[in-house]
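In what follows, a structure is listed as structure tokens, so that the remarks can point back to it.
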Amino acid sequence: MRRRQPATGRRRGGGIRWWILLLFAGYAAWQWFGSAETDPYTGETAHYGASAAEEVQLGAQAYQQVLGDAQAQGALLPPDTEVSRQIRTIAQRLVARVPEVTTQLAQRNQQQAPTFYEQFQWDVSVIQSDQANAFCLPGGKMAVYTGLLPVAQTEDAMAVVMGHEIAHALLRHGSQRMAQQELVQMGQMAAGMAIGGMDPQQQQAVMAALGAGAQYGFILPYGRSHETQADQVGLMLAAAACYDPRQAIPLWERMSASSGGQSPPEFASTHPDPANRIQHLQSLMPQALEFHRQYCADQPLQ
Ligand SMILES: [Zn+2]
């Protein structure tokens, strides 16, 4: 017995219900452009998926989980060790300069200086691990993995890495990523409805393409621009906290040499090509040195 064919016309366009996609595109565009804000640190357009208060809460929850896991594995370095103290000092010096750097960068972009970071609950822990990695969660909770120590080598270089991580939190990249993910999820939902008339194999192919597109075509390029932004704001923070920003160049050279094609998550695929990154950092150096001169007149660089 033959399967009953649906009335002609209903399946034009391979069974895709184009009007649903159009409706979705219109709604998404309206939502996306309606929620556009200007990031005061970079002057670039940004979309936030969570408020700063929500970020603090989410970050603190994630942090508890990370610390709990580290503790269970006996990998949490006690706070009174020499290394923990050094890392904490660097974090404190960087965080102490957040208001000044925020005000100055916002001024440069003709934006009002934000104050959301006053809600942040800054904290840092050191975790024993071979990974040359560090992170700062939304809301200010940081961790440094001991595998980073031999790559960083100096306090200045460590300050550059931690400044970069703190910058991710200040730039609210976690919140921006949430906004992107919401958009992708809406897209998948719309696609799911639109391809309702297709056979399961075709549906699978469309969903896979959408997922891959979301991952490579949409999220990653934004990821890379976030890295570039974090490099910039982080370098200014390190310089204003009286660390030598020039150490960023040999640091990232060591970082790309040490990763040998196997980078840990934060410094992996979304990071800019090392040559591009170093070129970018070099172009930022005059501005960073100016921050250093301004805040560290009593400790000039050699
Ligand atoms: Zn990063």
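For the stretch 114-138, a residue qualifies if it is at pLDDT 95 or above and of a type outside the set (Ser, Thr, Tyr), and the qualifying residues are Pro114, Phe116, Glu118, Gln119, Phe120, Gln121, Trp122, Asp123, Val124, Val126, Ile127, Gln128.
If the condition is being more than 19 Å from Arg97 (Cα to Cα), within 16 Å of the ligand (Cβ to nearest atom) and open to solvent by 20 Å² or more (accessible area, probe 1.4 Å), then the stretch 224-253 contributes Arg224, Ser225, Thr228.
Can you confirm whether Tyr145 is touching a residue at least 40 places away in the same chain (Cβ under 8 Å), open to solvent by less than 60 Å² (accessible area, probe 1.4 Å) and over 24 Å from Trp252 (Cα atoms)? No: the conditions fail for Tyr145. Checking the stated criteria, Ala257 turns out not to satisfy the condition of being within 18 Å of Met158 (Cβ to Cβ), modelled with pLDDT of 95 or more and over 18 Å from the mean Cα position of the chain (by Cα). Gln131 meets all of the listed conditions (1) touching a strand residue (DSSP E or B) at 6+ places or on another chain (Cβ under 8 Å); (2) buried (at least 19 other Cβ atoms within 10 Å of the Cβ); (3) not charged (D, E, K, R) but one, namely (2). Meeting the requirement of 3 or more residues that are open to solvent by 30 Å² or more (accessible area, probe 1.4 Å) and of a type in the set (Lys, Arg), the helices (runs of 4 or more DSSP H) wholly within the stretch 13-114 are 82-96.
Of all the listed residues (Glu155, Glu55, Glu82), the sole one being free of Cβ contacts under 8 Å to residues at least 12 places away in the same chain and of a type in the set (Asp, Glu) is Glu82.
The values are calculated or read from the model by the stated rules, or taken from the named source; none is laboratory data. Values in this document were obtained by computation on a predicted structure and should not be read as measured data. Virtual Cβ from ideal backbone geometry, glycine too; neighbours counted across all protein chains shown. Accessible surface areas use protein heavy atoms only, side chains included; no ligands, DNA or RNA. Shrake-Rupley method; radii C 1.70, N 1.55, O 1.52, S 1.80 Å.
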